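The values are calculated or read from the model by the stated rules, or taken from the named source; none is laboratory data. If you're wondering where the values come from, they're calculated on a predicted model, not measured in any experiment. Here the Cβ is made from the backbone with ideal geometry for all residues, glycine too, and neighbour counts use every protein chain on show. For accessibility, only protein heavy atoms count, side chains too; no ligands or nucleic acids. Shrake-Rupley method; radii C 1.70, N 1.55, O 1.52, S 1.80 Å.
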Amino acid sequence: MRLREIGRVIDSVENDKIANWYNDARSIILAIQRQPGTNTVQVVDSIKKLLPSFRAQMPAAINLATLYDRSVSIRDSVSDVKFTLFLSLCLVVLVIFLFLRNLSSTLIPSLVLPFSIVGTFAAMYLLDFSLDNLSLMALTVSVGFVVDDAIVMLENIVRHIEKGEGVLEASLNGSKEIGFTIISMTLSLVAVFIPVLFMGGIVGRLLHEFAVTISIAILVSGFVSLTLTPMLCSRFLRSSHSEHHSRIYDLSERFFAGMLRGYDRSLKVVLRHRLATLIILNLIFAATIYLFMTVPKGFLPSEDTGQLFGFTEAVQGISFESMVKHQQAVAAILRDDPNVDSFMSGVGPAGSMVGYNIGRVFLRLKPRSERRLNADEIIQELRPKLATVPGIRVFLQNFLPIRIGGTLTKSQYQFTLQSPNTKELFAHAPLLEAKLRELPELQDVTSDLQISNPQVNIEIQRDKASALGVTAQQVEDALYTAYSSRQISTIFAPNNQYQVIMELDPRYQLDPNALSLLYIRSSNGSLVPLNAVANMTKGVGPLTVNHLGQITSVTISFNLRPGVSLGQAVGVVRKVAAKTLPSTISTSFQGTAQAFQSSMEGLGLLLIMAILVIYIVLGILYESFIHPLTILSGLPSAGFGALLTLMIFHIDLNIYAFVGVIMLIGIVKKNAIMMIDFALDAERKEGKSASEAIYQGCLIRFRPIMMTTMAALMATLPIALGFGAGSESRRPLGLAVLGGLLFSQLITLYITPVIYTYLDAFQEKISHRFHK
């Protein structure tokens with residue numbers, strides 16, 4: 001037993017200063033975080049302002065450096081989304097100009113964009129929303145939708161002017177004629193997001209702000225289109241007969257006229273072969289279901305935030321000095337990697353990791369412009385290099401954009417085994433782990449089961465101990481004093497206080513044979529060696545026993561190989577577990593894998609509810625059970641196009657891609673609404689047959705349909721191209737919308753009129769039967 005060396009006591013003075021400074025700094029940061037309305041970027045900015053004062057209070061030998069700053073990737077991502085929003089605005093305005101070829105006509109629907117965005121910002125401010133990636137992405141996507149209503153209104157007024165009506169008269173008549181159509185389009189599109197607002201869990205929280213933001217933008221644009229757009233048309237439009245057109249205008253007019261003639265001829269052919277068209281629709285519907293069942297499914301796409309972290313693991317029972325050497329070998333490889341800007345390395349217990357055979361590494365990557373690989377590719381490149389270090393395994397992870405539940409494990413996804421029978425659990429967990437390592441879909445398979453830690457078992461011989469005057473409590477106290485850093489006193493100084501610790505000399509702490517040199521003072525005052533009253537045997541035992549819900553558990557964690565979706569991995573893990581484990585061991589996924597499972601169960605229901613809500617809204621607007629079915633007939637083609645595009649680009653059907661599919665439900669039906677509204681009006685007012693009415697409606701609405709679809713495509717194109725920080729999350733949504741629009745645009749132009757004629761005939765048959 002001894003007092004710590006004077007040198008270590010002197011060092012503790014500096015340590016105490018650092019500890020006091022750390023506590024003060026932590027209190028200040030917590031106070032900043034508790035301020036209402038603060039977000040991540042504001043907190044980071046406030047902390048950075050305090051760093052100079054923190055450095056001034058620290059000892060000169062201590063350097064303060066920023067290790068983890070998520071605000072960097074957030075700022076870059078928000079900046080790129082802003083650029084994407086601006087680019088989408090420019091592309092949409094360009095599309096309007098190419099179709100209208102008139103500056104004043106282009107300006108009118110373009111004014112809807114700033115009004116809608118400013119109105120949405122005002123509503124977001126009242127709702128206490130922040131300007132983050134999701135809300136900005138909602139605004140970017142909505143750019144292609146908010147001009148739809150204004151385009152339809154403008155095109156209808158222009159059509160009345162081309163008939164010879166005055167500008168004011170055309171504005172009044174055109175707005176009255178198309179007003180109900182715009183209301184139907186706006187309300188049915190907003191209705192798509194109603195089920196999202198009532199979703200629970202992490203998916204509901206993730207998409208709530210997105211759904212509210214885009215719904216507000218659509219409602220504001222609908223209001224502006226019904227009020228501001230007709231007023232601007234009455235003031236700025238001119239009669240087409242008084243305008244002199246350029247040669248470029250005439251060439252483009254002939255091009256659009258040629259497109260309309262081609263559509264006219266092909267539409268006549270389709271209407272003559274309605275049965276074949278119906279068969280094609282059924283085939284598309286079946287193919288959509290097949291693609292939905294087979295497309296790889298994921299949860300949250302991986303993002304390059306410029307930061308990686310990982311764990312290292314050595315053999316159980318490794319000495320601290322040996323673990324440090326292994327960790328330094330790993331750190332040397334990381335230091336030499338050209339993609340790494342800085343890193344942190346440490347070993348020893350931390351958090352839920354209690355073993356001395358565990359280490360941690362944290363990497364800050366160079367800016368994306370200075371490296372050719374993204375974060376996931378860097379991990380794959382480092383993997384074989386780190387595998388060359390003998391005696392230690394390294395598990396690197398890319399930071400998920402959103403951390404969801406679960407314990408922090410060495411690999412990203414967790415599969416937990418539980419059983420009240422600890423012996424059976426510990427016997428089967430290594431078997432399952434070994435089989436999972438053989439799966440080609442997984443990598444970095446490991447577990448938190450550590451039951452092979454070397455230990456010395458001391459069994460007290462109570463009879464001998466009693467005869468020698470030694471009690472069991474004395475044996476325990478001796479071991480506690482020798483190996484557990486027992487505090488026996490406190491030295492109080494004027495400015496600080498210091499703990500007095502009793503312990504063995506470190507060279508004896510590392511040698512199990514030194515236990516025989518430990519003596520215990522008996523009741524008669526003599527010293528009794530420990531090996532005289534206890535048997536000491538070497539063995540292995542658990543380093544820690546983990547529990548989940550108060551039941552003993554073992555968590556097996558794993559990462560995905562490149563090109564493997566989370567849905568595929570979850571499926572193979574469940575199959576292998578069912579074949580390997582007895583029925584007495586229960587299993588469950590934790591963290592992100594668990595959230596993925598629950599979200600997949602709810603997304604199908606969400607899709608059904610979205611379609612049902614739209615059907616109800618359209619049924620109320622049209623006072624019909626039949627016409628909403630006609631409007632929704634184009635949904636299978638949109639789903640087929642979206643899923644096929646995702647598979648072509650090797651992208652999972654993740655949360656963002658599914659939002660794109662949900663949005664397609666609201667977008668695609670706009671084309672059908674424009675056709676059907678005109679057809680119904682022609683049937684009621686002009687007495688035309690269903691075939692004649694829908695045929696005329698398709699031709700007259702062809703131009704606004706093409707304009708609105710191209711506007712939506714151009715607004716989505718920058719998102720689908722996926723450039724800039726955080727593009728990994730936006731790209732699946734953009735590709736789903738882009739692919740769905742391209743395919744459904746071609747199909748709905750022909751399917752909708754065919755379905756309309758069939759359902760109109762069915763409605764007449766039913767009405768005749770009831771009237772009889």
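A quick yes/no check of all residues on (1) hydrophobic (A, V, I, L, M, F, W, C); (2) crowded, with 20+ Cβ neighbours inside 10 Å; (3) under 24 Å from E303 (Cβ atoms); (4) in contact with a His (Cβ under 8 Å, 6 or more places away or on another chain):
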{"position": "S71", "(1), (2), (3), (4)": "no, no, yes, no"}
{"position": "V81", "(1), (2), (3), (4)": "yes, yes, yes, no"}
{"position": "L85", "(1), (2), (3), (4)": "yes, yes, yes, no"}
{"position": "L103", "(1), (2), (3), (4)": "yes, no, no, no"}
{"position": "V112", "(1), (2), (3), (4)": "yes, yes, no, no"}
{"position": "I117", "(1), (2), (3), (4)": "yes, no, no, no"}
{"position": "Y125", "(1), (2), (3), (4)": "no, no, no, no"}
{"position": "F129", "(1), (2), (3), (4)": "yes, no, yes, no"}
{"position": "D132", "(1), (2), (3), (4)": "no, no, yes, no"}
Worksheet item: Hey, any hits in the range 667-676 for a residue that's modelled with pLDDT of 80 or more, open to solvent by less than 10 Å² (accessible area, probe 1.4 Å), in contact with a Lys or Arg (Cβ under 9 Å, 6 or more places away or on another chain) and not β-branched (V, I, T)?
Response: yes
Response to the item:
The helices (runs of 4 or more DSSP H) lying wholly within the range 555-653 that contain at least 3 residues that are open to solvent by 30 Å² or more (accessible area, probe 1.4 Å) and of a type in the set (S, T, N, Q) are 591-622
Worksheet item: Would it be correct to say that F678 is closer than 27 Å to F292 by Cα and of a type in the set (F, W, Y)?
Response: no
Worksheet item: When both residues are 6+ apart or on different chains and their Cβ atoms are under 6 Å apart, which pairs have a first residue that lies in the range 505-523 and is of a type in the set (S, T, Y), and a second that is part of a strand (DSSP E or B)?
Response: Y519/L527; Y519/P529; S522/V528
Worksheet item: In the range 470-522, which residues are within 30 Å of V540 (Cβ to Cβ), touching a strand residue (DSSP E or B) at 6+ places or on another chain (Cβ under 9 Å) and among the basic types (K, R)?
Response: R486
Response to the item:
Given (1) assigned to a loop (DSSP other than H, G, I, E, B); (2) surrounded by 14 or more Cβ atoms within 10 Å (Cβ to Cβ), L334 misses just (1)
Discussion item. Can you tell me which residue is modelled with the highest pLDDT among those in the range 390-408 that are part of a loop (DSSP other than H, G, I, E, B) and aliphatic (A, V, I, L, M)?
Written reply: L408
Item to complete: Scan the range 108-128 and give yes if some residue there is at pLDDT below 80 and of a type in the set (S, T, Y), otherwise no.
Response: yes
Worksheet item: Are there any pairs with C-beta distances below 9 angstrom linking a residue in the range 50-78 that is in contact (Cβ under 8 Å) with a residue 40 or more places away in the chain and on the phi < 0 side of the Ramachandran plot to a residue that is open to solvent by 80 Å² or more (accessible area, probe 1.4 Å) and part of a loop (DSSP other than H, G, I, E, B), with the two at least 6 apart or on different chains, and if so which?
Response: V78/L131
Response to the item:
Here, helices (runs of 4 or more DSSP H) confined to the range 685-772 with at least 3 residues that are at pLDDT 80 or above and aromatic (F, W, Y) are 727-771
Discussion item. Just checking, does the range 214-231 include any residue being at pLDDT below 80, out of contact with any Phe, Trp or Tyr (no Cβ under 6 Å at 6 or more places or on another chain) and assigned to a helix (DSSP H, G or I)?
Written reply: no
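Could you pull out the residue among I218, I194, I161, I214 that is surrounded by fewer than 23 Cβ atoms within 10 Å (Cβ to Cβ), within 24 Å of A715 (Cα to Cα) and either touching a Ser or Thr at 6+ places or on another chain (Cβ under 9 Å) or touching a residue at least 24 places away in the same chain (Cβ under 8 Å) (or both)? Spell out how you get there, then give the answer.
Details: I218 fails: surrounded by fewer than 23 Cβ atoms within 10 Å (Cβ to Cβ); I161 fails: within 24 Å of A715 (Cα to Cα); I214 fails: surrounded by fewer than 23 Cβ atoms within 10 Å (Cβ to Cβ).
Testing whether each residue is surrounded by fewer than 23 Cβ atoms within 10 Å (Cβ to Cβ), within 24 Å of A715 (Cα to Cα) and either touching a Ser or Thr at 6+ places or on another chain (Cβ under 9 Å) or touching a residue at least 24 places away in the same chain (Cβ under 8 Å) (or both) leaves just I194.
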Practice prompt. Please tell me if A427 is under 16 Å from T587 (Cβ atoms), of a type in the set (G, A, S) and open to solvent by 20 Å² or more (accessible area, probe 1.4 Å).
Written response: yes
Item to complete: Name the residue, out of P454, P420, P390, that is exposed (fewer than 14 other Cβ atoms within 10 Å of the Cβ) and over 20 Å from P582 (Cα atoms).
Response: P390
Worksheet item: Restricting to the range 296-329, what's the tally of residues that are within 30 Å of R730 (Cα to Cα) and not acidic (D, E)?
Response: 14
